[in-house]
1. Just need a number here: residues in segment 173-211 that are on the phi < 0 side of the Ramachandran plot, more than 18 Å from the chain's Cα centre (by Cα) and among the aromatic types (Phe, Trp, Tyr).
2. Hey, residue 214 hits all of (1) within 12 Å of the chain's Cα centre (by Cα); (2) crowded, with 19+ Cβ neighbours inside 10 Å; (3) of a type outside the set (Lys, Arg) but one; which does it fall short on?
3. So in segment 85-104, with the set limited to residues that are among the hydroxyl-bearing types (Ser, Thr, Tyr) and not in a loop (DSSP other than H, G, I, E, B), which one is surrounded by the fewest Cβ atoms within 10 Å (Cβ to Cβ)?
4. Looking at (1) touching an Asp or Glu at 6+ places or on another chain (Cβ under 9 Å); (2) at pLDDT 85 or above; (3) closer than 26 Å to residue 153 by Cβ, which one does residue 94 not meet, given that it meets all the others?
5. Would you call residue 233 over 19 Å from residue 93 (Cβ atoms) and assigned to a helix (DSSP H, G or I)?
6. Quick check on my filter: what residues within segment 139-172 are charged (D, E, K, R) and part of a loop (DSSP other than H, G, I, E, B)?
7. Mind telling me which of the residues 239, 228 ends up being touching an Asp or Glu at 6+ places or on another chain (Cβ under 8 Å), modelled with pLDDT of 85 or more and not hydrophobic (A, V, I, L, M, F, W, C)?
Amino acid sequence: MAERRPFSVTRLPGFTAIALVTFALLYAPIVTLVAYSFNGSESIAVWGGFSWRWYGIAWQNTAVQEATVRSLVIATAAAAIAGTVATLAALGTTRTDRFRGRTLIYVLVNQPLMVPEIVTAVALLIFFSGIRLATGYAGLGYLILAHSAFCVPFAYLPIRARLEGMDLSLETAASDLYADRFQTFRHVTLPLMAPGIVAGVMLAFIISLDDVVITEFVKSAGQDTLPTYMLGQLRRAVTPEVNAISTALLALTVLLLTMFFLLTRKRD
């Protein structure tokens, strides 16, 4: 009797063709955008020869420079805050005995992932509007806190996964050698979970850097980030400069995602 092979979706008829068409539809627009960022023509639809012209124009654009610096400041601060909160939350839900309400905490931490981003944006707008009216403060602090709140679950998931995959015998051995909880955390737990923390912070940085919806709702006048600046330019006049900025942002995102993959992949 022939041995029955386990079911695999890859052996279904037409799977390869459907996969290739799906990837083509997903990546063809991105490839086109990257190609036309090197277009020497004024038009975004007519090829005028290979040129670095629009990268130079974008580099010298004062508005682009300010938006880029603002985006990096917000993303760095938000990633640091989200990484710290996520690390504490991951430790509290993996390195303690089971307690009532643990599942509720998990749900609350991951709430931004379970509701539409527009809902989170409106809620943050209402919350920060009350604070703005009461204090008169209208700085970048609102954007940093909003991005931090939204990025916490993105940092939490890889850190929690790292903690759950760690061998507890090393921490137990440290306790047997009379190390207190802080010493065990500092010399054993923290070094072992460091790749997860770095990966979580990097993922939070990427999410914050690329965010548009929450930024559009929370920002004040003159606080455009790079994505919202690009959105504003698209509403006015589309030039190959936008393609150049998008390609640079794409390259940074791909670089960080590659580093994230290398940090989180399982090693034998």
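The values are calculated or read from the model by the stated rules, or taken from the named source; none is laboratory data. What you see is a predicted model; the values in this text were computed from it and never measured. Note that we place each Cβ from the backbone using ideal geometry, even for glycine, and neighbour counts take in every protein chain shown.
1. 2
2. Every listed condition holds for residue 214 apart from (1).
3. Quick first cut of segment 85-104, residues among the hydroxyl-bearing types (Ser, Thr, Tyr) only: 87, 93-94, 96, 103.
Okay, now just the ones that are also not in a loop (DSSP other than H, G, I, E, B), so 87, 93-94, 103.
Details: 87: 21, 93: 19, 94: 16, 103: 10.
Top of the filtered list is 103.
4. That leaves (2) as the condition not met.
5. Details: over 19 Å from residue 93 (Cβ atoms): yes; assigned to a helix (DSSP H, G or I): yes.
Yes: the conditions hold for residue 233.
6. As a first pass, look at segment 139-172 and keep what is charged (D, E, K, R): 160, 162, 164, 167, 171.
167 - this is the single residue of segment 139-172 that is charged (D, E, K, R) and part of a loop (DSSP other than H, G, I, E, B).
7. Details: 239 fails: modelled with pLDDT of 85 or more.
Criteria check complete, one pass: 228.
Okay, residues lined up against (1) modelled with pLDDT of 85 or more; (2) surrounded by 13 or more Cβ atoms within 10 Å (Cβ to Cβ):
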{"residue": "148", "(1), (2)": "yes, yes"}
{"residue": "156", "(1), (2)": "yes, yes"}
{"residue": "160", "(1), (2)": "yes, yes"}
{"residue": "164", "(1), (2)": "no, no"}
{"residue": "190", "(1), (2)": "no, yes"}
{"residue": "196", "(1), (2)": "yes, yes"}
{"residue": "200", "(1), (2)": "yes, yes"}
